[in-house]
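Worksheet for the structure shown next.
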Amino acid sequence: VDIFHYFKLTHDFKSMPQELRPASQSLKLIQNDRTIFRVMPILDAVEYGGARQRDILSLNANLLYQLNSVEGYDHLFPGRYGGFFKNFQTDYDKDPALIMGGAEGDFNYEILSFLNVKYFVTSKRTEIKKGFPLLAEDEHNRVYGNPEYYPRAFIVHDYRVIPDASSLLSRMKSNETDLKQTALLEEGASFQAHETDPGKDTVIIEKYTPHLIDMSIFAVSQGLLILTDNHYPGWHATVDGNPAKIFRADYTFRAVEVPAGRHKIQFAYKPESLRWGLIVSAAFIGFGLMLCFWLARRARSSKSRPA
(Lines give C-alpha, C1' and ligand atoms only; values in the text may rest on other atoms or scores of the structure.)
Protein backbone atom coordinates (compact mmCIF):
# COMPACT_ATOMS: atom_id res chain seq x y z
CA VAL A 1 0.00 0.00 0.00
CA ASP A 2 2.85 2.38 0.84
CA ILE A 3 4.43 1.72 -2.55
CA PHE A 4 1.25 2.81 -4.30
CA HIS A 5 0.77 5.72 -1.91
CA TYR A 6 4.26 7.21 -2.02
CA PHE A 7 5.23 6.52 -5.60
CA LYS A 8 1.84 7.73 -6.81
CA LEU A 9 1.22 4.87 -9.23
CA THR A 10 -2.47 5.74 -9.18
CA HIS A 11 -1.59 9.06 -10.84
CA ASP A 12 -0.43 7.10 -13.88
CA PHE A 13 -3.75 5.29 -14.01
CA LYS A 14 -4.85 6.70 -17.37
CA SER A 15 -1.64 5.64 -19.10
CA MET A 16 -1.86 2.01 -18.00
CA PRO A 17 -2.82 -0.63 -20.57
CA GLN A 18 -6.52 -1.33 -20.87
CA GLU A 19 -6.12 -4.93 -19.69
CA LEU A 20 -4.69 -3.66 -16.37
CA ARG A 21 -7.51 -1.20 -15.75
CA PRO A 22 -10.57 -2.33 -17.69
CA ALA A 23 -13.14 0.42 -17.98
CA SER A 24 -16.35 -0.08 -16.06
CA GLN A 25 -19.20 2.40 -15.98
CA SER A 26 -20.64 0.63 -12.95
CA LEU A 27 -17.46 1.25 -10.94
CA LYS A 28 -17.82 4.99 -11.41
CA LEU A 29 -20.70 4.91 -8.94
CA ILE A 30 -18.33 3.59 -6.28
CA GLN A 31 -15.45 5.88 -7.23
CA ASN A 32 -17.70 8.91 -6.85
CA ASP A 33 -18.65 7.89 -3.30
CA ARG A 34 -16.46 10.00 -1.00
CA THR A 35 -17.37 8.21 2.23
CA ILE A 36 -15.04 5.68 3.85
CA PHE A 37 -15.99 2.12 2.92
CA ARG A 38 -14.73 -1.22 1.62
CA VAL A 39 -15.60 -3.11 -1.55
CA MET A 40 -16.02 -6.87 -1.87
CA PRO A 41 -15.44 -8.35 -5.34
CA ILE A 42 -17.30 -11.64 -5.78
CA LEU A 43 -15.76 -14.22 -8.09
CA ASP A 44 -17.38 -16.51 -10.61
CA ALA A 45 -15.35 -19.62 -9.79
CA VAL A 46 -14.60 -21.36 -6.52
CA GLU A 47 -11.97 -23.81 -7.74
CA TYR A 48 -8.53 -23.31 -6.23
CA GLY A 49 -6.93 -22.14 -9.47
CA GLY A 50 -9.83 -20.08 -10.76
CA ALA A 51 -10.91 -18.30 -7.63
CA ARG A 52 -8.51 -15.44 -8.23
CA GLN A 53 -9.70 -14.74 -11.77
CA ARG A 54 -11.93 -11.69 -12.05
CA ASP A 55 -13.01 -9.43 -14.84
CA ILE A 56 -12.50 -6.42 -12.58
CA LEU A 57 -10.83 -5.60 -9.27
CA SER A 58 -8.40 -8.52 -9.40
CA LEU A 59 -6.14 -8.91 -6.39
CA ASN A 60 -4.50 -5.57 -5.54
CA ALA A 61 -6.00 -3.88 -8.63
CA ASN A 62 -8.47 -2.14 -6.30
CA LEU A 63 -5.54 0.19 -5.53
CA LEU A 64 -5.44 1.29 -9.17
CA TYR A 65 -9.07 2.33 -8.88
CA GLN A 66 -8.35 3.93 -5.48
CA LEU A 67 -10.86 1.62 -3.83
CA ASN A 68 -10.45 -0.09 -0.47
CA SER A 69 -11.24 -3.82 -0.54
CA VAL A 70 -11.50 -6.31 2.33
CA GLU A 71 -8.32 -8.07 1.20
CA GLY A 72 -6.22 -4.92 1.41
CA TYR A 73 -2.85 -5.40 -0.24
CA ASP A 74 -2.65 -9.17 -0.66
CA HIS A 75 1.06 -9.50 0.03
CA LEU A 76 0.97 -7.54 3.27
CA PHE A 77 -2.15 -8.55 5.18
CA PRO A 78 -1.29 -9.78 8.70
CA GLY A 79 -1.52 -13.50 9.43
CA ARG A 80 -4.06 -12.84 12.18
CA TYR A 81 -6.32 -11.14 9.63
CA GLY A 82 -6.00 -14.17 7.37
CA GLY A 83 -6.93 -16.39 10.33
CA PHE A 84 -9.92 -14.17 11.00
CA PHE A 85 -11.26 -14.76 7.50
CA LYS A 86 -10.45 -18.45 7.49
CA ASN A 87 -12.69 -18.76 10.56
CA PHE A 88 -15.74 -17.79 8.49
CA GLN A 89 -15.24 -19.93 5.40
CA THR A 90 -17.99 -22.49 4.97
CA ASP A 91 -17.69 -24.49 1.76
CA TYR A 92 -14.14 -25.79 1.57
CA ASP A 93 -10.68 -25.58 3.06
CA LYS A 94 -8.73 -22.97 1.14
CA ASP A 95 -6.03 -20.35 1.56
CA PRO A 96 -7.51 -17.38 3.48
CA ALA A 97 -6.40 -15.10 0.64
CA LEU A 98 -8.88 -16.87 -1.63
CA ILE A 99 -11.62 -16.40 0.93
CA MET A 100 -10.83 -12.70 1.05
CA GLY A 101 -10.83 -12.80 -2.72
CA GLY A 102 -14.58 -13.25 -2.63
CA ALA A 103 -15.74 -16.66 -3.83
CA GLU A 104 -19.42 -16.50 -2.89
CA GLY A 105 -20.45 -19.01 -0.29
CA ASP A 106 -17.14 -18.70 1.53
CA PHE A 107 -17.95 -15.70 3.64
CA ASN A 108 -20.37 -14.47 6.24
CA TYR A 109 -22.43 -11.45 5.15
CA GLU A 110 -22.87 -10.24 8.73
CA ILE A 111 -19.10 -10.17 9.20
CA LEU A 112 -18.62 -8.33 5.90
CA SER A 113 -21.12 -5.73 7.05
CA PHE A 114 -19.09 -5.40 10.25
CA LEU A 115 -16.02 -4.89 8.02
CA ASN A 116 -17.55 -1.79 6.44
CA VAL A 117 -18.33 -3.46 3.09
CA LYS A 118 -20.71 -1.02 1.41
CA TYR A 119 -20.59 -2.45 -2.13
CA PHE A 120 -20.31 -5.88 -3.74
CA VAL A 121 -18.98 -6.11 -7.30
CA THR A 122 -19.69 -9.10 -9.54
CA SER A 123 -19.25 -9.95 -13.19
CA LYS A 124 -22.28 -9.79 -15.46
CA ARG A 125 -22.51 -13.60 -15.23
CA THR A 126 -22.98 -13.59 -11.45
CA GLU A 127 -25.83 -12.51 -9.21
CA ILE A 128 -25.59 -12.16 -5.44
CA LYS A 129 -27.61 -14.81 -3.64
CA LYS A 130 -28.55 -12.46 -0.84
CA GLY A 131 -31.15 -9.89 -1.85
CA PHE A 132 -29.04 -6.73 -1.87
CA PRO A 133 -30.23 -3.93 -4.20
CA LEU A 134 -28.63 -3.72 -7.64
CA LEU A 135 -27.26 -0.17 -7.94
CA ALA A 136 -25.45 -0.23 -11.28
CA GLU A 137 -24.86 -2.51 -14.24
CA ASP A 138 -22.91 -2.35 -17.47
CA GLU A 139 -21.89 -4.84 -20.13
CA HIS A 140 -19.25 -6.37 -17.83
CA ASN A 141 -20.17 -5.85 -14.16
CA ARG A 142 -22.85 -5.41 -11.54
CA VAL A 143 -22.61 -3.33 -8.35
CA TYR A 144 -24.80 -4.20 -5.38
CA GLY A 145 -25.28 -2.01 -2.33
CA ASN A 146 -25.19 -3.28 1.23
CA PRO A 147 -27.66 -1.27 3.35
CA GLU A 148 -26.56 -3.18 6.45
CA TYR A 149 -22.89 -2.12 6.40
CA TYR A 150 -21.28 -0.77 9.57
CA PRO A 151 -19.29 2.47 9.54
CA ARG A 152 -15.51 2.09 9.65
CA ALA A 153 -15.49 3.40 13.24
CA PHE A 154 -18.25 3.32 15.86
CA ILE A 155 -18.74 3.33 19.64
CA VAL A 156 -19.93 0.45 21.83
CA HIS A 157 -20.71 0.57 25.55
CA ASP A 158 -20.70 -3.13 26.29
CA TYR A 159 -17.95 -5.74 26.07
CA ARG A 160 -17.24 -9.38 26.87
CA VAL A 161 -13.81 -10.69 27.87
CA ILE A 162 -12.82 -13.94 26.14
CA PRO A 163 -9.09 -14.55 26.74
CA ASP A 164 -8.89 -17.55 24.44
CA ALA A 165 -8.61 -16.40 20.82
CA SER A 166 -10.16 -19.53 19.31
CA SER A 167 -13.16 -19.27 21.64
CA LEU A 168 -13.53 -15.63 20.68
CA LEU A 169 -13.59 -16.53 16.98
CA SER A 170 -16.17 -19.25 17.63
CA ARG A 171 -18.33 -16.70 19.42
CA MET A 172 -18.12 -14.36 16.42
CA LYS A 173 -18.91 -17.14 13.96
CA SER A 174 -22.03 -18.13 15.89
CA ASN A 175 -23.44 -14.58 15.51
CA GLU A 176 -24.44 -14.69 19.19
CA THR A 177 -23.06 -11.20 19.75
CA ASP A 178 -24.26 -8.00 18.12
CA LEU A 179 -20.85 -6.54 17.25
CA LYS A 180 -22.34 -3.11 16.69
CA GLN A 181 -23.18 -2.92 20.40
CA THR A 182 -20.72 -5.27 22.12
CA ALA A 183 -16.97 -5.68 21.71
CA LEU A 184 -15.21 -8.99 22.28
CA LEU A 185 -11.91 -8.39 24.08
CA GLU A 186 -9.08 -10.65 25.18
CA GLU A 187 -8.54 -8.51 28.29
CA GLY A 188 -10.77 -6.31 30.41
CA ALA A 189 -11.32 -2.59 29.95
CA SER A 190 -11.49 -0.18 32.90
CA PHE A 191 -15.08 1.05 32.53
CA GLN A 192 -18.22 -0.73 33.63
CA ALA A 193 -19.90 -2.34 30.63
CA HIS A 194 -23.53 -1.34 30.08
CA GLU A 195 -26.11 -1.11 27.34
CA THR A 196 -27.26 2.17 25.83
CA ASP A 197 -28.74 3.54 22.62
CA PRO A 198 -25.88 3.49 20.06
CA GLY A 199 -27.82 5.86 17.81
CA LYS A 200 -26.96 8.76 20.12
CA ASP A 201 -23.19 8.41 19.64
CA THR A 202 -21.45 10.11 16.73
CA VAL A 203 -18.09 9.40 15.09
CA ILE A 204 -16.72 11.67 12.37
CA ILE A 205 -13.53 10.65 10.58
CA GLU A 206 -11.85 13.93 9.68
CA LYS A 207 -8.68 12.52 8.17
CA TYR A 208 -7.94 9.01 6.95
CA THR A 209 -4.50 8.16 5.54
CA PRO A 210 -2.35 4.99 5.65
CA HIS A 211 -0.45 6.32 8.68
CA LEU A 212 -2.73 8.83 10.40
CA ILE A 213 -6.42 8.84 11.32
CA ASP A 214 -8.11 11.80 13.04
CA MET A 215 -11.64 11.53 14.47
CA SER A 216 -14.10 13.70 16.36
CA ILE A 217 -16.55 11.77 18.52
CA PHE A 218 -19.43 12.27 20.88
CA ALA A 219 -20.13 9.45 23.35
CA VAL A 220 -23.25 9.47 25.50
CA SER A 221 -21.28 7.59 28.17
CA GLN A 222 -17.99 5.76 28.62
CA GLY A 223 -17.33 3.18 25.96
CA LEU A 224 -14.98 1.75 23.36
CA LEU A 225 -14.30 3.32 20.00
CA ILE A 226 -14.00 0.42 17.54
CA LEU A 227 -11.98 0.92 14.36
CA THR A 228 -12.21 -2.04 11.98
CA ASP A 229 -8.62 -1.70 10.84
CA ASN A 230 -6.07 -4.30 11.89
CA HIS A 231 -4.45 -4.17 15.30
CA TYR A 232 -0.74 -4.15 14.58
CA PRO A 233 2.48 -3.20 16.45
CA GLY A 234 3.52 0.38 15.80
CA TRP A 235 0.09 1.98 16.02
CA HIS A 236 -0.36 4.56 18.79
CA ALA A 237 -3.55 6.29 19.92
CA THR A 238 -4.34 9.52 21.73
CA VAL A 239 -7.56 10.82 23.27
CA ASP A 240 -7.55 14.63 23.38
CA GLY A 241 -3.78 14.48 22.92
CA ASN A 242 -3.19 12.07 25.81
CA PRO A 243 -1.75 8.59 25.10
CA ALA A 244 -4.37 5.84 25.17
CA LYS A 245 -4.07 2.07 25.15
CA ILE A 246 -5.12 0.29 21.97
CA PHE A 247 -7.09 -2.87 22.74
CA ARG A 248 -7.31 -5.79 20.35
CA ALA A 249 -11.05 -6.00 19.76
CA ASP A 250 -13.06 -8.67 17.92
CA TYR A 251 -9.91 -10.76 17.39
CA THR A 252 -7.88 -8.49 15.11
CA PHE A 253 -9.17 -4.90 15.18
CA ARG A 254 -8.42 -1.73 17.15
CA ALA A 255 -10.29 -0.14 20.02
CA VAL A 256 -9.63 2.63 22.55
CA GLU A 257 -11.55 3.58 25.66
CA VAL A 258 -13.34 6.92 25.38
CA PRO A 259 -15.01 8.94 28.15
CA ALA A 260 -18.44 10.50 27.83
CA GLY A 261 -18.74 13.71 25.84
CA ARG A 262 -16.93 15.24 22.87
CA HIS A 263 -13.35 14.22 22.17
CA LYS A 264 -10.60 14.13 19.57
CA ILE A 265 -9.12 10.71 18.78
CA GLN A 266 -6.01 10.04 16.75
CA PHE A 267 -4.37 6.83 15.52
CA ALA A 268 -0.81 7.26 14.26
CA TYR A 269 1.56 4.65 12.89
CA LYS A 270 4.99 5.16 14.50
CA PRO A 271 6.74 1.78 14.60
CA GLU A 272 9.80 1.28 16.77
CA SER A 273 11.49 -0.29 13.75
CA LEU A 274 11.37 3.09 11.99
CA ARG A 275 12.94 4.87 14.96
CA TRP A 276 15.71 2.28 15.27
CA GLY A 277 16.19 2.32 11.52
CA LEU A 278 16.74 6.08 11.61
CA ILE A 279 19.17 5.74 14.53
CA VAL A 280 21.18 3.00 12.79
CA SER A 281 21.14 4.92 9.50
CA ALA A 282 22.31 8.10 11.24
CA ALA A 283 25.07 6.14 13.00
CA PHE A 284 26.31 4.64 9.73
CA ILE A 285 26.17 8.01 7.97
CA GLY A 286 28.11 9.58 10.85
CA PHE A 287 30.66 6.78 10.77
CA GLY A 288 31.00 7.16 7.00
CA LEU A 289 31.59 10.91 7.27
CA MET A 290 34.19 10.40 10.01
CA LEU A 291 35.93 7.74 7.90
CA CYS A 292 35.98 10.05 4.87
CA PHE A 293 37.37 12.89 7.01
CA TRP A 294 40.06 10.62 8.45
CA LEU A 295 41.07 9.30 5.02
CA ALA A 296 41.22 12.85 3.63
CA ARG A 297 43.48 13.99 6.48
CA ARG A 298 45.69 10.94 6.02
CA ALA A 299 46.01 11.65 2.30
CA ARG A 300 46.95 15.31 2.95
CA SER A 301 49.42 14.26 5.64
CA SER A 302 51.17 11.81 3.34
CA LYS A 303 51.49 14.44 0.57
CA SER A 304 53.03 17.03 2.88
CA ARG A 305 55.57 14.58 4.35
CA PRO A 306 59.14 15.21 2.96
CA ALA A 307 60.60 12.58 0.62
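Numbers below:
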| quantity | calculated |
| --- | --- |
| Karplus (6.51, -1.76, 1.60) ³J(HN,Hα), θ = phi - 60°, over region 209-226, in Hz, Gly and Pro reported as x | 10, x, 10, 8, 10, 10, 9, 10, 10, 10, 10, 5, 7, 4, x, 10, 8, 9 |
| Point-to-point label distance, ALA165-HIS140, nm (Cα→Cβ direction, 7 Å offset) | 3.9 |
| Surface accessible to a 1.4 Å probe, per residue, for the residues of region 153-277, Å² | 48 |
| Unsatisfied cross-links (Cα-Cα over 23 Å) in the set LYS86/LYS118; LYS180/LYS200; LYS86/LYS207; LYS118/LYS207; LYS207/LYS264 | LYS86/LYS207 |
| Potential extension, ILE285-LYS264 segment - 0.36 nm per residue separation minus Cα distance | 3.7 nm |
| Carbon + sulfur, % of accessible area of region 194-292 - ligands and nucleic acids excluded, 1.4 Å | 64 |
| Within region 158-307, percent of DSSP bridges classed antiparallel, to nearest 5 | 90 |
| Residues whose placed amide H lies under 5 Å from that of LEU135, excluding near-sequence neighbours | VAL143, TYR144, GLY145 |
| Taking the convex hull of Cα positions in region 161-244, its mean projected area over all directions (nm²) | 6.7 |
| Vicinal HN-Hα couplings computed from phi for region 134-146 (Karplus, 6.51 cos²θ - 1.76 cosθ + 1.60; Hz; Gly/Pro x) | 7, 9, 7, 7, 9, 6, 10, 9, 10, 10, 10, x, 10 |
| Under-5 Å amide H pairs with GLU71, H placed in peptide plane, nonlocal only | none |
| For ILE226, distant residues with modelled amide H under 5 Å away | PHE154, ILE155, VAL156 |
| Surface share of carbon and sulfur [accessible, 1.4 angstrom probe, percent] for region 121-170 | 48 |
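The values are calculated or read from the model by the stated rules, or taken from the named source; none is laboratory data. Computed from a prediction, not measured in an experiment: that's the story for all the values here. Glycine gets a Cβ as well: all are built from the backbone with ideal geometry, and neighbour counts include every protein chain shown. The protein model used for the area step is the full one, side chains on, heavy atoms only, and it has no ligands, DNA or RNA in it. Shrake-Rupley method; radii C 1.70, N 1.55, O 1.52, S 1.80 Å.
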